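Structure first, commentary second.
The values are calculated or read from the model by the stated rules, or taken from the named source; none is laboratory data. All of these numbers come straight from a predicted model, not from anything done at the bench. Cβ atoms come from the backbone with ideal geometry, glycine included; neighbour counts cover every protein chain shown. What goes into the accessible areas is simple: the full protein's heavy atoms, side chains included, and nothing from ligands, DNA or RNA. Shrake-Rupley method; radii C 1.70, N 1.55, O 1.52, S 1.80 Å.
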Amino acid sequence: MSELAIRKEIIATCLKMEELGINQGTSGNISHRFEEGILITPSGISYDMLKPEDIVFVPFSSKKDYIGKYAPSSELDFHFDLLKEKPEINCVLHNHSTYATSMAICRMDIPAHHYMVGVAGGKKIPCAEYATFGTSQLSKNIIKTLDGYSACLLANHGVITTAINLKKALWIAIEVENLAKQYITAKQVGNPVILSDKEMDKILEKFKSYGLKK
Ligand SMILES: [Zn+2]
């Protein structure tokens, strides 16, 4: 993908998040690997105002040497660290979607109440330990939690998803929000039954050939 195509796709994905109601204002942010660094949404610009040239390039050699007329997102640390440390992913997507964030506020993992929990590669969507937004401690907590998972909740904050491309990262983010909504709704009508470890093993095996291929 060309640099311009990536810049355009980052903006299109931001707008899509807004359209889907999984993010609002400037609270979410997106990054994509490009050459020896990352392209990331700028800090404090609303998505509908974003132009391809507003997306900031940050080289892996130094966070301070970013190229762009705006500063990179205040959440640069976890985007940068994840893409630098995990060569298997190309994108990081972050939002504050309501239901998933509500579970994160309760510092709960999303349990295996539905087979789709396997979308993030495991038997739950784990919740990372709390740290102040924009800190390297938050980044460390996320990296520790994402071990083997492609998505996690951030305590009292929001959601993060990672993938090989933005289409997949967005798909996972939508599923995570749906899962949280289902769990919270089910709690209101009764006691959600959680699938057993054995059943989840079967489901995770099936997941190897399920979902978005590209
Ligand atoms: Zn955030």
Pop the C-beta distance of residue 191 and residue 102 into the FRET formula with R0 = 25 Å and round what comes out to the nearest 0.05.
-> 0.85
Of 195, 50, 15, the most mobile residue in a GNM of the chain (C-alpha springs, cutoff 10 Å) is 195
Which length gain, in nm to one decimal place, applies between residue 202 and residue 147 when the Cα-Cα distance is subtracted from 0.36 nm times their residue separation?
-> 17.8 nm
Global form of the stretch 166-213, assessed from the alpha-carbon gyration tensor, a/c cut-off 1.5 = oblate
What are the DSSP H helices in the chain that stretch 18 Å or more along their long axis, judged by alpha-carbon atoms, and whose average Kyte-Doolittle hydropathy comes to at least 0.0?
-> 3-20, 166-189
Could you give the length gained on full extension between residue 88 and residue 70, defined as 0.36 nm per residue of separation minus the Cα-Cα distance, in nm?
-> 3.6 nm
Leaving out ligands and nucleic acids, note down the accessible area per residue over the chain with a 1.4 angstrom probe, in whole Å².
-> 49 Å²
Between the stretch 91-119 and the stretch 55-85, what is the C-alpha centre distance in whole Å?
-> 25 Å
Taking 0.36 nm per residue of separation between residue 3 and residue 209 and subtracting their Cα-Cα distance, the length gained on full extension comes to 71.1 nm
Is the shape of the stretch 89-214 best called rounded, prolate or oblate, per the rule: a/c under 1.5 gives rounded, else a/b larger than b/c gives prolate, else oblate, with a ≥ b ≥ c the square roots of the Cα gyration tensor eigenvalues?
-> oblate
Express the relative contact order of the chain as a whole percentage, based on alpha carbon pairs under 8 Å and six or more residues apart in sequence.
-> 20 percent
In the stretch 36-99, GluC sites (Glu not before Pro) in a DSSP loop with at most 11 other beta-carbon atoms within 10 Å = 36, 88
The chain - mean residue ellipticity at 222 nm from DSSP helices (-39,500 (n - 2.57) per run, n ≥ 4, rounded to 500) = -12000 deg cm²/dmol
With +1 on each Lys and Arg Cβ and -1 on each Asp and Glu Cβ, how big is the dipole of the stretch 1-150 about its Cα centre, in debye rounded to the nearest 20?
-> 260 debye
From the residues 188, 98, 120, which one has its Cα farthest along the dipole of the stretch 81-214 in the positive direction, the dipole being from +1 and -1 charges on Cβ of Lys/Arg and Asp/Glu about the Cα centre?
-> 120
Rounded to a whole number, what % of the accessible area of the stretch 17-135 do carbon and sulfur atoms account for, probe 1.4 Å?
-> 51 percent
Listed residues 199, 205, 177 arranged by accessible area, highest first, probe 1.4 Å = 205, 199, 177
With the dipole of the chain defined by +1 on each Lys or Arg Cβ and -1 on each Asp or Glu Cβ, the option from 176, 74, 29 whose Cα lies farthest towards the positive pole is 176
About the Cα centre of the stretch 134-186, how large is the charge dipole given +1 on each Lys and Arg Cβ and -1 on each Asp and Glu Cβ? Please answer in debye to the nearest 20.
-> 100 debye
Roughly how many debye, to the nearest 20, is the charge dipole of the stretch 107-173 about its Cα centre, given +1 on each Lys and Arg Cβ, -1 on each Asp and Glu Cβ, and no other charges?
-> 100 debye
Show which lysines lie in cross-link reach of residue 187 when reach means a straight Cα distance below 18 angstrom and same-chain residues fewer than eight apart are skipped.
-> 124
Excluding ligands and nucleic acids, what accessible area in Å² is computed for residue 206 using a 1.4 Å probe, to the nearest 10?
-> 150 Å²
